[in-house]
Amino acid sequence: MSADEGIEIFRVESQELLEQIEQGLLDLAHNPGDKELVAMVFRALHTLKGSGAMFGFDALAAFTHHCETAFDRVRKGDVPATKELVTAVLNAMDHMRALAERRIVAAAEGEQLLAALERVVGSAAGGGTAVPVSAGNGTALTDWHLRFTLASDVLVNGTRPLPMLDELRALGPCRITVITDNIPPLDGLVPTECHLGWDVMLTTDQPRSAIEDVFMFVMDDMTLEMTSQAQPDPAAPPEGPSPAAELAMASGDAKTLRPDASVRVPATRLDELMDRVGELVIAQSRLKQIAGASIDMNLRSVAEEIEHLASELRDSMMSVRMVPVVQLFGRFRRLIHDLARDTGKEIELVTEGESTELDKTVIERLADPLVHLIRNAADHGLETAQERRAAGKPALGRITLSARQAGAEVVITVRDDGRGVNRERVRAKAEENGLIVPGTVLSDQELMQLVFQPGFSTAATVTNLSGRGVGMDVVKRTIEGLRGTLELSSPPGEGSVVALRIPLTLAIIDGLLVRVGAARYVIPLSAVEECLELSAEQDHRSAGRSLLTIRGQLVPFIRLHDMFKTAMKPDLYQKIVVISSGADRVGLVVDQILGDHQTVIKPLSPFHAELGTFSGATILGDGSVALILDVGALVAAEAQHNPAQLRAAS
């Protein structure tokens, strides 16, 4: 492994550790007496310090050492885990993140953060007087017998055994014996290989996890045997161990492989593998077409088998790329913490459906839109504690982030229990900006959509959170770029709800292949509700109105022949594909439905991307190109050209 590769691995791991520290601190703010949380934050800080020193991030290691020392005092009971301490370490954590990314930061900034941390720790300890902790206060001492050997290449990888032994000595009285049984003869000795082992007798009041933390960087490649025997607490009556405890001491301390072991793979390799799977799907589609035109049954059998395997490989690849939205939602707990401080409001974040999974690429692109929505809800939506009490609401405002899967889509909802959208102010601002003509009749949903126009803001003043009119239009553009849709609803006085409907993946989708004239198009199967035949009588009766009655409900439809200005005459028996986008349903009139199609999405060129009607393209089995219809854009286009028909249908 080269030095650059090692640094890149550390940067990825450091971000994970910093996120773990952040989540632990935020949990600790609500439950300051949880010793497990304190221990978890301490271990993460310890790991970050050790990893930073190992990979040459000395400034990060030195800075983190002070935070680790503070939490060591909390862990030992010298100082309590107050909200002030949590806030001080959160502020220091931002400085750690900058050091881990090797951004240029002023040394004075780090000194100020550490000074603030020392003041908090000193005041929490009663002016710096530490409370002594002894074995007689209920903490029992344990005798540990450790016997371990390291991997032979541990020295080559940069790991030194002596600092690990020093860390063991720091845990308590320790007797160390070197094991030399495996040292080869001199003529077979390789200086860069480690052949030593160690036998350690350790007495400590620390838990087993504290001992394992010493070996955390080499745990997977070493052999470690640990047995323990608790010493009686002088302050407690003597009591013999139970048979279950004796069995645990005899067998439970042996080192076992972790069942949740995983392999870290760079995201670029997953993207490359996804591209190869996409090309395989295209080749399989071509093979299927060739086999369909052949009378060779062996060829057809092989084509069917390859189709089945390609489908399973596609599903497996999709599952590898899918990650739970908890990784996305977890980022916003710190944001809510800071927003509550900046706005002076009492805000609570509630998350639901955290196990719902999305493509990792979609997760990454959703972060910024959700930040805008949450900031908007905190600044515009939620009232102050006094205003909420006056309105008969609890002083604590609530922002709820939820996710659920609906077919091939995931619906992410941002909900607040604030004052809701002021419709009169929205209309007045839209008329002032020239977005609508005064007196224009708009449905409630059309009025709400004005909020997402560029430069639109109802804020009376510009703050560091909002008011500049940039944010909500960014949300809309990003969601539409993901082939998703968004809806805003706001019952007066009951808060606001923004629902984002996002496709599960941006790489491969199931589509419905249709023909219009001589061209073929793909409609995302997740948006298709049903397919009907448009008889000549219905076609003639609906001329000029483009409305069709389906089971007692009026559904507007779009003649793709007319929209795409196809030169060919429509087929005699046309078909209608009914699609849905949010609460709206629209029919698409096509000449022929060719069947389902595994669609590998290819991006359009910048010139064609401006058309708006298509979200991408795909390569068919015969090598020709089929455009993928953008369902949301088609429905929006129908609403713009024939708003009366869409309202009549709804």
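Every number here is computed from the coordinates shown, using simple stated rules; none is lab data. Computed from a predicted model, the values in this text were never measured in an experiment. All Cβ positions, even for glycine, are placed from backbone atoms using ideal geometry, and neighbour counts span all protein chains on display.
If I model the stretch 135-230 as equal point scatterers sitting on the Cα atoms and use the Debye formula, what is log10 I(q)/I(0) at q = 0.17 Å⁻¹? Relative scattering, expressed as log10 I(q)/I(0), comes to -0.76. In a fully extended conformation the segment linking residue 177 and residue 104 would gain 21.7 nm over its present Cα-Cα distance, using 0.36 nm per residue.
Annotation: the residues 159, 440, sorted from fewest to most other C-beta atoms within 10 Å of their own C-beta, follow the order 440, 159. Can you tell me how the stretch 325-503 classifies by the Cα gyration tensor, rounded, prolate or oblate, using a/c under 1.5 as the rounded cut? Since a/c reaches 1.5 but b/c is at least a/b, the shape of the stretch 325-503 is classed as oblate.
The string of couplings for the stretch 273-280 from the Karplus curve (6.51, -1.76, 1.60, θ = phi - 60°) is 5, 5, 4, 5, 5, x, 5, 5 Hz, one whole number per residue in order, with x for Gly and Pro.
When the C-alpha to C-alpha distance is required to be over 25 Å, the pairs from 476/602; 35/393; 393/476; 35/360; 49/76; 83/476 that qualify are 35/393; 393/476; 35/360; 83/476. Tally Lys/Arg at +1 and Asp/Glu at -1 over every other residue whose Cβ is under 12 Å from the Cβ of residue 601; what's the total? Once positives and negatives cancel, what remains is -2.
Using a 10 Å cut-off around each Cβ, can you sort 528, 497, 414 from fewest to most neighbouring Cβ atoms?
Numbers: 528 20, 497 17, 414 25.
Ranking 528, 497, 414 by Cβ neighbours within 10 Å, fewest first, gives 497, 528, 414.
A simple spin-label model places pseudo-atoms 7 Å from Cα toward Cβ; at residue 535 and residue 444 they are separated by 3.9 nm. For the stretch 3-124, the square roots of the Cα gyration tensor eigenvalues, ordered a ≥ b ≥ c, give a/c of at least 1.5 with a/b greater than b/c, which places it in the prolate category. Comparing Cα centroids, the stretch 164-181 and the stretch 187-217 end up 8 angstrom apart.
Between amide H atoms placed 1.01 Å from N, distances below 5 Å from residue 179 occur with 197, 198, 199, all of them 5 or more places distant or on a separate chain. Residues whose amide H lies under 5 Å from that of residue 614, counting only those 5 or more places away or on a different chain, are 630; hydrogens are built 1.01 Å from N in the peptide plane. Taking 0.36 nm per residue of separation and subtracting the Cα-Cα distance, full extension of the segment from residue 62 to residue 580 would add 180.8 nm.
Phi angles of the stretch 373-378 translate, via the Karplus equation with coefficients 6.51, -1.76, 1.60 and θ = phi - 60°, into HN-Hα couplings of 5, 5, 4, 5, 5, 5 Hz per residue; Gly and Pro are given as x.
Spatially, the stretch 36-70 and the stretch 283-344 are offset by 38 Å when compared through their Cα centroids.
In the stretch 343-373, which GluC sites (Glu not before Pro) fall in coil by DSSP and have 15 or fewer other Cβ atoms within 10 Å? Walk me through the numbers before you get to the answer.
On the way: sites: 346, 348, 352, 354, 357, 364; in loops: 346, 354.
Loop-located and lightly packed - 346, 354.
Length available on full extension from residue 289 to residue 304: 0.36 nm per residue minus the Cα-Cα distance, which gives 4.3 nm.
Principal axis extents of the Cα atoms in the stretch 268-312, from largest to smallest and rounded to whole angstrom, are 42, 15, 10. Here the simple spin-label model places points 7 Å from the Cα toward Cβ, and for residue 72 and residue 422 these points are separated by 5.5 nm. Simple spin-label estimate for residue 11 and residue 477 gives 2.7 nm between the two label positions (7 Å along the Cα-to-Cβ direction from each Cα). Couplings 3J(HN,Hα) of the stretch 342-353, computed from phi: 6, 8, x, 9, 8, 10, 10, 9, 10, 10, 9, x Hz, in residue order, whole Hz [Karplus 6.51 cos²θ - 1.76 cosθ + 1.60, θ = phi - 60°; x for Gly and Pro]. Around the amide H of residue 352, modelled in the peptide plane, lie the amide H atoms of 401, 402, 403, all under 5 Å away and 5 or more residues distant in sequence or on another chain. Distance from the Cα centroid of the stretch 7-34 to that of the stretch 382-396 is 32 Å (rounded to whole angstrom). Estimated from the Cβ-Cβ distance and a Förster radius of 30 angstrom, the FRET efficiency linking residue 625 and residue 319 is about 0.55.
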